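The values are calculated or read from the model by the stated rules, or taken from the named source; none is laboratory data. Predicted model, so just to flag it, every value in this text is computed and none were measured. Cβ coordinates were reconstructed from backbone atoms using ideal geometry, including for glycine residues, and neighbour counts include every protein chain displayed. Just the protein is used for accessible areas: all its heavy atoms, side chains included, with ligands, DNA and RNA removed. Shrake-Rupley method; radii C 1.70, N 1.55, O 1.52, S 1.80 Å.
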Amino acid sequence: MKDYQVEFKIDGYTYSQQMIEAFEFERNKHVLHEMIYLGADVTDQDKSLSYIDIDFLSKEDAARINLENKVKLGTDKLLALYHDEIERTDKMWKDIIANYHEGDSYEPCITHMKVTGVSMDDLGEGLMLAMAGDNSSLAANPEHYGHVMTEEVPAGFEGMGMFGGPNLMRIQFAPDIDIPLDIPSDYLPFTVGYSELGDGTNMHTLAAHYIKDTDEGIEMLLTCCFPKGTPEELVKGHEVHLASEFLGLVKIAAEQI
């Protein structure tokens, strides 16, 4: 495993890796509580866990049990389990975009991530090795549930911004679209596109992530632009979600190299 250090800047505040991991601990417990509430048999080494048992888990056990139970249940069972939450979250987004007009301003969501000890090449190589194991996306964030084909288009099944429930979200890659953010010229784009709901409805949400090599490692600007009317709690919560997700990917990569 390669040694590394990670630091984040969000809305002018500095977040350490330990602070982001504290958010992850709470979200791992949230997901486990939610699965039990929705009727799933959440287990650890074949022993069924109660809603209260979850509150007595360590940080490491909460993350492990969340991942193991999502893998055990599989995407189809998770989709059935979260059916009502998916419907309600889809309705929330359709209500938001019902008021969208071309040319409206966006709500910015920006997370700056600095990684020391891991290069751009290291990250790419490590993630390629990790993806061969097929659970890297699930392990990267507590609220990643899987991938689904929707009308022959892949969709992520995840929660957004630690707000509401999970839903199906398709990223349509569109490197030429205009991102209304001031991105320094020394950053290279590695994801630029827009989001659709699972049924193809345009969410008018832009996603654009950027990266650059530094002498110490890499820096990333992880950004989204949300339409007006998106709950502020979701916009701000997604800044932490992005920090957690890319911290998870760096951890997975570092373990492979």
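All but one of (1) in a helix (DSSP H, G or I); (2) touching a strand residue (DSSP E or B) at 6+ places or on another chain (Cβ under 6 Å); (3) free of Cβ contacts under 8 Å to residues at least 24 places away in the same chain hold for residue 41, so report the exception by its number.
That leaves (1) as the condition not met.
Does segment 102-118 contain any residue that is at pLDDT 95 or above, surrounded by fewer than 20 Cβ atoms within 10 Å (Cβ to Cβ), of a type in the set (Phe, Trp, Tyr) and under 28 Å from residue 210 (Cα atoms)?
yes
Restricting to segment 142-178, count the residues that are in contact (Cβ under 8 Å) with a residue 12 or more places away in the chain, hydrophobic (A, V, I, L, M, F, W, C) and surrounded by fewer than 17 Cβ atoms within 10 Å (Cβ to Cβ).
Qualifying residue count for the region: 4.
Is it true that some residue in segment 123-139 is polar (S, T, N, Q), under 22 Å from residue 20 (Cβ atoms) and either at pLDDT 90 or above or open to solvent by less than 60 Å² (accessible area, probe 1.4 Å) (or both)?
Among the residues of segment 123-139, at least one is polar (S, T, N, Q), under 22 Å from residue 20 (Cβ atoms) and either at pLDDT 90 or above or open to solvent by less than 60 Å² (accessible area, probe 1.4 Å) (or both), which makes the answer yes.
Within segment 4-42, which residues are over 13 Å from residue 81 (Cβ atoms) and in contact with a Pro (Cβ under 6 Å, 6 or more places away or on another chain)?
Within segment 4-42, 24, 27, 28 meet the criteria.
Say whether the condition of being of a type outside the set (A, V, I, L, M), surrounded by 13 or more Cβ atoms within 10 Å (Cβ to Cβ), out of contact with any His (no Cβ under 9 Å at 6 or more places or on another chain) and assigned to a helix (DSSP H, G or I) is met by at least one residue in segment 2-14.
no
What are the residues in segment 191-220 that are under 22 Å from residue 102 (Cα atoms) and either open to solvent by 50 Å² or more (accessible area, probe 1.4 Å) or among the basic types (Lys, Arg) (or both), if any?
194, 199, 202
If I ask for residues that are among the hydrophobic types (A, V, I, L, M, F, W, C) and surrounded by fewer than 19 Cβ atoms within 10 Å (Cβ to Cβ), which ones from segment 18-32 would you list?
19, 22, 23, 25
In segment 204-251, what count of residues is obtained for those that are β-branched (Val, Ile, Thr) and closer than 16 Å to residue 113 by Cα?
Residues of segment 204-251 β-branched (Val, Ile, Thr): 205, 211, 214, 218, 223, 230, 235, 240, 250.
Next cut, closer than 16 Å to residue 113 by Cα only: 211, 214, 218, 223, 240, 250.
So the answer is 6.
Do we find a residue being surrounded by fewer than 20 Cβ atoms within 10 Å (Cβ to Cβ) and at positive phi anywhere in segment 179-190?
no
Mind checking which residues of segment 55-74 are over 22 Å from the mean Cα position of the chain (by Cα) and under 22 Å from residue 85 (Cβ atoms)?
Across segment 55-74, the qualifying residue is only 55.
In segment 44-69, what count of residues is obtained for those that are open to solvent by less than 80 Å² (accessible area, probe 1.4 Å) and either hydroxyl-bearing (Ser, Thr, Tyr) or assigned to a helix (DSSP H, G or I) (or both)?
Total satisfying the criteria: 13.
Would you mind finding the one in 72, 94 that is surrounded by fewer than 15 Cβ atoms within 10 Å (Cβ to Cβ), in contact (Cβ under 8 Å) with a residue 24 or more places away in the chain and either of a type in the set (Ser, Thr, Tyr) or under 25 Å from residue 205 (Cβ atoms) (or both)? If you could, list the steps in order and put the result at the bottom.
Numbers: 72 fails: either of a type in the set (Ser, Thr, Tyr) or under 25 Å from residue 205 (Cβ atoms) (or both).
It is 94.
Answer with yes or no whether residue 35 is within 22 Å of residue 163 (Cβ to Cβ), in a helix (DSSP H, G or I) and open to solvent by 80 Å² or more (accessible area, probe 1.4 Å).
No.
Would you be able to say whether some residue in segment 232-253 is acidic (Asp, Glu) and without any contact (Cβ under 8 Å) to a residue 12 or more places away in the chain?
Among the residues of segment 232-253, not one is acidic (Asp, Glu) and without any contact (Cβ under 8 Å) to a residue 12 or more places away in the chain, which makes the answer no.
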